[in-house]
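Each remark here refers to the structure printed beneath this line.
Taken together, the values in this text are just the output of simple stated rules run on the coordinates, not laboratory data. What you are looking at is a predicted structure, and each value in this text was computed from that prediction instead of being measured. Note that each Cβ is placed from the backbone with ideal geometry, even for glycine, and that neighbours are counted across all protein chains shown.
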Amino acid sequence: MKIGICVFPGSNCDYDTYYIVKDILQEDAELIDYTSKDLDRFDAVILPGGFSFGDYLRPGALASKTPLAEAIVNFASKGRYVLGICNGFQILTELKLLPGALLPNENDKFICKRVNLSVENISTAFTRKIEDKEVITLPIAHHDGRFYAPQDILEEIEANNQVVFRYQGENPNGSLNAIAGICNKSGNVVGMMPHPERISEDILGGLDGLKIWHSLIA
Amino acid sequence: MDNLHGLTEQEYETIKSLIGREPNDIELGIFGVLWSEHCSYKSSKPLLKRFPTEGPYVVQGPGENAGVIELEDVFVAFKIESHNHPSFIDPFNGAATGVGGIIRDIMSMGARPIALLDSLRFGDINQSKRITKGVVKGISHYGNCIGIPTVGGETFFDECYNKNPLVNVFCIGIMPKNKIYKARATKAGQLLFLIGSSTGRDGIHGATMASSQFDEKALKRRSNVQIGDPFYGKKLLEAIMYMVDKDLPVGIQDLGAGGIAGACFEIAYKSNMGVDINLDEVPLRENDMNAYEILLSESQERMLIVIEKENLQELINIANKFHLSWCVLGETTTSDTVNIYFKGEKVASLDYKIVAEGVPSCYTQPSKTFSPSMEKFIPEKMEPKDLFMKLISNPNIASKEHIYTQYDFEVGTNTVLGPSSDAAVLRIKWPLRPDVKSEQGIAIKADGNAYYMEADPYEGARWTVSECVRNLACVGAKALAFSDCLNFGNPRREDVAIKMELCVNGMADAMKEFSIPVISGNVSLYNETVEGSTITNVMPTPVIVGVGLLEDVHKHMDHRFKKPSSLFLIGNLNQEYTLNGSLVQKILTGSVKGTLTKVDIEKEKLLVELVVKLIKEDLILSAHDVSMGGLITNIFESLVDTNLGASISLYIDEDPIVFLFSENPTRIVVSVEQELEEQFKNIVEQTPLDWMLIGSITNERNFTIEYNGRELIRCDLETAKHIWKNSLKDFF
């Protein structure tokens, strides 16, 4: 599988994601510069975490105006797989590929810790190897992760089974309906605040992230 | 600033006689910065010479932007630096730029920064909210955004830091072997290429400000504080790594204290070569800046790269690729002067040797010494449990998770052990450079308990060095080298100078006994506030960071109890236990004093070897060193985040309060599976060290301590956990 990792100025989980795909999964990985316009050679692209364009204006806002962002919209419209992690999720909502928005955490602080998540939709390309309602542990590290959508949109997200991950137990950032990750209606685009790339090796104290990667390359 | 630019009358006279004329205003500004304590070490140089700086792993000792050691597969660069004064005036920006500055020091060596530690000292917690919140947010803002994890550190509170908080930041980086960059040009005709952010008016005379004490007007010095932009820092980091990968630089120097002037004089002096500088092309962010401001601005996120002329176009392309501003700042010459031109005029011309070497030493060896009182502190009769509850709610013991969860401690996916461990453990990889990879691991730990050094400066410093080495051993690492940050008050005051002298001697002697060198560091003096007739100096607070090696990163250990097992105390158990210098003494009496028991470093060396061996051979389940808060705190810390309990039975002659709360060194608590006990004891008995079975870890969530058969403490762990976890909640 050929997997592209999108690099915007200020992305900082790009190399971590690249490492997982290339060194741990041993798949064909390539870093894609934000000026690129062509994604045809890829089977899937990942928008990694970080602070693209320094979070200026709003997290993800400036990255969504780049040539690469336009190419991602095009790529997703063809039904190809797109995963946005943390800042990548924020970019996907800015691009309207996913509904809702990510607002500053309820306590207005950056939060770095491990959280429990219930996997609520196992039909996406990133969750198909996980059991329905399985609880997995992944790290979060963000300042703007509070999922918000107007009531009618929120109901639609729930009705369409677009919630992919829900915080289990503690809701760390005040997200509506404890939403940690969602997909688009067709399920090929997924955004999530937690970082699966940080917990995919024994040496880092857990393997739950691998469930997401194994779903992708299955 | 006064009209002498921070210089004394005597220094001014020295300058006149060295250059044979009256210096102009710009030249005086250059001397003011480069002869400041921060840049010239004029009060501490003879002290720094006492430290050992050489050893088998050392590739680069003190004197460059960072020190470098050699591991099996990679070189490792590291350094600690202070940003104390700015962090009082503007806590957020002061701390943030402290992080940015130390990261650039590591980049200057050509290394990829992989982790940060911060060592913080705050005042009385109820009076310091502006500072504590600002500093933590500043570190979080810069480190998280630039994508370098803050993997550990220490936070300590005492009222002596009310107006002089200490913010020390440490950074470590990795690089391929044999590819160190230095602040050097190699021949005349090479270009000085300035790259990064534009130059503004922020931080002018920051270094001078950081070299004097505070008075009532301290908070008005905000314009001396630099403003950081981590996004720019990230772009600069990637640009530097890109040019290093292509081996384009001849030399690299970051712009820190003294801005353009500081960096150019550094390169000229170290290269033994003149430099002609033209300020006309420097990208500015404000209009009408004059030569003085451009030269001395400490605007952040700028680097100076020495390059061959034929590589200029490639450097310009890199600057453009990463959206960084740039200019050709100057050129190396065969002369012995740094000439500075602005708008067609020569505005300054100084011999770089005079600037670098001419500063008169301010160091005088104190004529007196300080002898701690021999009196032993014995607390009045009190319930041990009450004392224990006081300890776990004390800000110096309470959980620091409200601080470290604001730091991204995992970005980079190299954090094997993060905050709250005895030491942080890092694995070594750099995905884009397959040659930068290793099965070895790195451990890092900052230590600097000022109570020890306030009570008994010489011995306290030896305790501190021992504690750092012991902490590294508890995760399975052998200490290889140190970086240190010498934070003291005003050295013109004799009592401060005496304690500084004793601390440095204690540290240096201990390091020599351990055969572990210091390879980088920083000095921060004048941490003093004068308000009317009240003079407050910080306690002696040297901070050391130990860097250790794990032969196999997979074989690391942490302090948490894992399952029902036997609990042993190992080490030098036959020593005179004391509460002098302990947190208990501070809590009960309001001050710390009295002699500390002499640490037997030969035994300490054996203990750290023993623990590393026990970890390597899988004979222990946990290891945690006894330090602040004593044995009882040690056991509690290993217990609190598990579902287990501990039943402790002590059969000793020692007073139980002293034994449980003493912070005496050379002791480590380990848990051992019952079937491995005999093997474990045999290995300990092959050394002159002692073991003592102190109890067992159980499945019952209780913490009880018996003393010679009678119950001394019974503690509900969930209540204690709640107190420990939430005591700092509202302060960060």
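Mind checking which aspartates and glutamates have their C-alpha under 13 Å from B:Lys605, skipping anything on the same chain fewer than 8 residues away?
Within the straight-line cut-off, B:Lys605 pairs with B:Glu467, B:Glu513.
Cα atoms only: what Rg and Dmax, in Å, come out for segment B:507-567?
In order Rg, Dmax, the Cα atoms of segment B:507-567 give 20.1, 59 Å.
Whole Å is fine, so just give me how far the alpha carbon centre of segment B:209-248 lies from that of segment B:82-114.
First find each Cα centre; the distance between them is then 6 Å.
Measure of size requested: the Rg and Dmax of segment B:3-357, with Cα atoms as the atom set and Å as the unit; please supply both.
Reported Rg and Dmax, both Å: 19.5, 59.
Where nothing but the Cβ of Lys and Arg (+1) and of Asp and Glu (-1) is charged, how large is the charge dipole of chain B around its Cα centre, in debye to the nearest 20? If you can, show how the numbers build up before the last one.
Values: 73 positive and 98 negative charges, 166 e Å.
Charge dipole, chain B, about its Cα centre: 800 debye, nearest 20.
Toward the positive end of the charge dipole of the protein assembly as shown, about the Cα centre and with charges on Cβ (Lys, Arg +1; Asp, Glu -1), which of B:Thr578, B:Tyr57, A:Asn173 goes farthest?
A:Asn173
If you line up the long axis of helix B:25-34 against the longest principal axis of chain B, both from Cα atoms, how many degrees apart are they, to the nearest 10?
So the inclination is approximately 20 degrees.
Over the protein assembly as shown, what is the percentage of antiparallel beta bridges among all DSSP beta bridges, to the nearest 5?
In the protein assembly as shown, DSSP labels about 75 percent of beta bridges as antiparallel.
For segment B:558-732, taking Cα atoms only, what is the radius of gyration to one decimal and the Dmax to the nearest whole Å?
Cα only, segment B:558-732: 16.2, 50 Å (Rg, Dmax).
If I model a spin label at B:Glu308 and B:Lys246 as a point 7 Å from the Cα along the Cα→Cβ vector, what separation in nanometres do I get?
For B:Glu308 paired with B:Lys246, the spin-label model returns 1.4 nm.
Would you please give the residues with an amide H less than 5 Å from that of B:Leu549, counting only those at least 5 places away or on a separate chain, with H modeled from the backbone geometry?
So B:Leu549 has HN proximity to B:Ala443, B:Lys478, B:Ala479, B:Leu480.
For B:Lys346, go through the lysines and keep the ones whose alpha-carbon is under 30 Å away, minus same-chain ones fewer than eight residues off.
Within the straight-line cut-off, B:Lys346 pairs with B:Lys16, B:Lys42, B:Lys182, B:Lys187, B:Lys270, B:Lys309.
Size of the protein assembly as shown along its principal axes in angstrom, Cα-based, largest extent first?
So the three principal-axis extents are 87, 82, 50 Å.
For peptide B:399-411, how many partner chain Cβ atoms fall within 10 Å of a residue's Cβ, on average?
Per-residue shielding by partner chains comes out at 5.
Give me the dipole magnitude in Debye, nearest 20, for segment B:507-609 about the Cα centre, with unit charges on the beta carbon: positive for Lys and Arg, negative for Asp and Glu.
The calculated dipole for segment B:507-609 is roughly 400 debye.
Distance between the C-alpha centers of segment A:80-146 and segment B:135-162? Whole Å please.
27 Å
Along each principal axis of its Cα atoms, how long is segment B:71-183 end to end? Whole angstroms, biggest number first, please.
If we take the Cα atoms of segment B:71-183, the spans are 49, 24, 22 Å.
Given segment B:612-658 reduced to its alpha-carbon atoms as identical point scatterers, what log10 I(q)/I(0) does the Debye formula return at q = 0.25, 0.31 Å⁻¹?
Computed log10 I(q)/I(0) values: -1.07, -1.14.
Given points 7 Å out from each Cα along the Cα-Cβ axis, report the B:Glu678 to B:Asp716 separation in nanometres with one decimal.
It works out to 4.3 nm between the two label points.
Near the amide H of B:Glu700, under 5 Å away, which other amide H atoms are found, from residues 5 or more places off or on another chain, if H is placed in the peptide plane?
B:Gly645
Which value, in Å³ per residue, describes the convex hull spanned by the Cα atoms of segment A:2-217?
It comes to 104 Å³ per residue, whole-number rounded.
What whole-number distance in Å separates the alpha-carbon centres of segment B:648-692 and segment B:695-732?
20 Å
Roughly what angle does helix B:601-616 make with the longest principal axis of chain B, taking Cα atoms, 0 to 90 degrees, to the nearest 10?
80 degrees
Kirkwood hydrodynamic radius, segment B:623-698, all distinct C-alpha pairs: what's the number in Å?
13.5 Å
Treating the angle as unsigned and between 0 and 90°, give the value, to the nearest 10°, between the Cα long axis of helix B:91-108 and the longest Cα principal axis of chain B.
80 degrees
Going toward the positive end of the dipole of chain A, with +1 on Lys and Arg Cβ and -1 on Asp and Glu Cβ, which of A:Ile136, A:Leu103, A:Asn116 do you reach last?
Final value for the positive-end residue is A:Leu103.
If the limit is 19 Å between Cα atoms, which of B:Lys321/B:Lys343; B:Lys512/B:Lys603; A:Lys96/B:Lys321 go over it?
From the list (B:Lys321/B:Lys343; B:Lys512/B:Lys603; A:Lys96/B:Lys321), the Cα-Cα distance tops 19 Å for B:Lys321/B:Lys343; A:Lys96/B:Lys321.
Please state the charge dipole magnitude for segment B:577-709, taken about the Cα centre, from unit charges on C-beta atoms (+1 on K and R, -1 on D and E), reported in debye and rounded to the nearest 20.
Working: 10 positive and 21 negative charges, 118 e Å.
Approximately 560 debye in magnitude.
Work out the charge dipole of segment B:305-407 with +1 on the Cβ of Lys and Arg and -1 on the Cβ of Asp and Glu about the Cα centre, then indicate which of B:Thr334, B:Thr405, B:Gly358 is farthest towards its positive end.
B:Thr405
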